[in-house]
1. May I ask you to verify whether Arg205 is closer than 26 Å to Gly252 by Cβ, assigned to a helix (DSSP H, G or I), open to solvent by 40 Å² or more (accessible area, probe 1.4 Å) and not aromatic (Phe, Trp, Tyr)?
2. If Tyr81 meets every condition in (1) farther than 30 Å from Ala287 by Cβ; (2) of a type outside the set (A, V, I, L, M, F, W, C); (3) open to solvent by 30 Å² or more (accessible area, probe 1.4 Å) apart from one, which number is that one?
3. Considering each of Asp213, Asp229, Asp199 in turn, give the residue that is more than 27 Å from Asp271 (Cβ to Cβ) and surrounded by 11 or more Cβ atoms within 10 Å (Cβ to Cβ).
4. Considering Asp297, Asp273, Asp256, which residue is farther than 25 Å from Thr319 by Cα, among the charged types (D, E, K, R) and touching a residue at least 40 places away in the same chain (Cβ under 8 Å)?
5. Among the listed residues Gly24, Gly47, identify the single one that is in contact with a strand residue (DSSP E or B) (Cβ under 9 Å, 6 or more places away or on another chain), open to solvent by less than 60 Å² (accessible area, probe 1.4 Å) and either free of Cβ contacts under 8 Å to residues at least 12 places away in the same chain or under 23 Å from Gly151 (Cβ atoms) (or both).
6. Out of (1) open to solvent by 10 Å² or more (accessible area, probe 1.4 Å); (2) part of a loop (DSSP other than H, G, I, E, B), the odd one out for Arg176 is which?
7. Can you list the strands (runs of 3 or more DSSP E) found entirely within the range 262-363 that contain at least 1 residues being open to solvent by 30 Å² or more (accessible area, probe 1.4 Å), under 17 Å from Thr161 (Cα atoms) and at pLDDT 95 or above?
8. Only one of (1) on the phi > 0 side of the Ramachandran plot; (2) modelled with pLDDT under 95 fails for Ser154. Which number is that?
Amino acid sequence: MDEVHALARRLVDVPSHEDETAAGDEIENWLREHTDAEVTRDDAPNGGNIIARKGSGESVALVGHHDVVPPADEQTEDGEYVVSEEDGRLYGRGAADMKGAVAAAMVAFRDADPDCELVFCSFVGEEQGGVGARHYLDHNDAPDYAIVAEGSTSYTTDGVTDVVIAHKGRRGSTIRAQGVAAHASEPASGENAIYRASDAMDVVRELDAPAVDVLGERVEGSVAVTEIDGGSAWNVIPDTCEVTVDERTVPGERADLRRVTSVPGVSWSVDQDLPPMECTSEAFADAVLNAANAAQDGTPQHVSKPHATDAGWLADEGTACVVCGASEPGEAHTKSESVSLDTLSVCYETYLGLANAWPVRED
């Protein structure tokens, strides 16, 4: 699918790790030039979300994002992104995460003849915690169904694009221990905040990580201490200590981290809570799997994904979501980031096939 490949390269060529406006311009202008859809651009921060709609009925969205993480030194030259093709792969910042799949979704949106309302969304600020998705959902009804075009390739078999029916979220939180400072030669005259934090960490270690089943797929979370900061000098009993906790959440479940407040002088607060996702429609999950199966030689499966995506925000608002896209594990955010051009073609065929087949009619 040469048109998908060319558009992917065109999008990857546009820097969007600081200012996403130019990448949004490329997407908006292409949609206006190549489709008869209603194309809008909202006032979300850093250039706005790009939205296109056509058809009527229950809504199915093809969802991506056009922001990227900062490039490595090898991925820029004279302030421009370095983009290349080699051995059937497109190389450059954002090729895998996720401008390649955005291009596949754009062309599929153009070519589809849906019996539903088909929506294309490219959001800003996904890498900053879903800024664009949250802005969109604050001002619009959530779609009924969505394919979020994040990576799902090579989860079960190398080169096969699977369909993600659940993914973990991330809750980042801080444990704060308050003590009483004293001279280290007289420790009993103070209250050691590090000891209190240590007692709280013991509570964390005893917590059970949450786990759930989603359409037969086991999704297991985790909880771990990842940072500790306390003390001011070698001869001072510390009066403060902070501990960072990384929790990978699962749909409907959270670890009971509030238990750390049972330790005297300890408080707990949530700094970030990226929601998990579970697909609430088996029929839609099966329909996307059927489209993915028809689009490739391998046999895709329903799988779960360890990373949070914008699908979590959509699912929180009632959208039945799956994740299906070209990126493979280990590609996103790397200095050698790349995506298979053949897999972009598979994604195009999957998105087009689902858009033309939904809703599934009973004979």
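The values are calculated or read from the model by the stated rules, or taken from the named source; none is laboratory data. Everything numeric here is computed off the predicted structure, so don't read it as measured data. All Cβ positions, even for glycine, are placed from backbone atoms using ideal geometry, and neighbour counts span all protein chains on display. When the accessible area is computed, the model is the full protein with side chains, heavy atoms only, and any ligands, DNA or RNA have been set aside. Shrake-Rupley method; radii C 1.70, N 1.55, O 1.52, S 1.80 Å.
1. yes
2. In the conditions (1) farther than 30 Å from Ala287 by Cβ; (2) of a type outside the set (A, V, I, L, M, F, W, C); (3) open to solvent by 30 Å² or more (accessible area, probe 1.4 Å), Tyr81 misses (3) alone.
3. None of the other options fit; the residue is Asp213.
4. Working: Asp297 fails: touching a residue at least 40 places away in the same chain (Cβ under 8 Å); Asp273 fails: farther than 25 Å from Thr319 by Cα.
The unique qualifying residue is Asp256.
5. Gly24
6. Going through (1) open to solvent by 10 Å² or more (accessible area, probe 1.4 Å); (2) part of a loop (DSSP other than H, G, I, E, B) one by one, Arg176 breaks only (2).
7. On the way: elements: 266-274, 302-305, 320-323, 338-340.
By residue number, 302-305.
8. (2)
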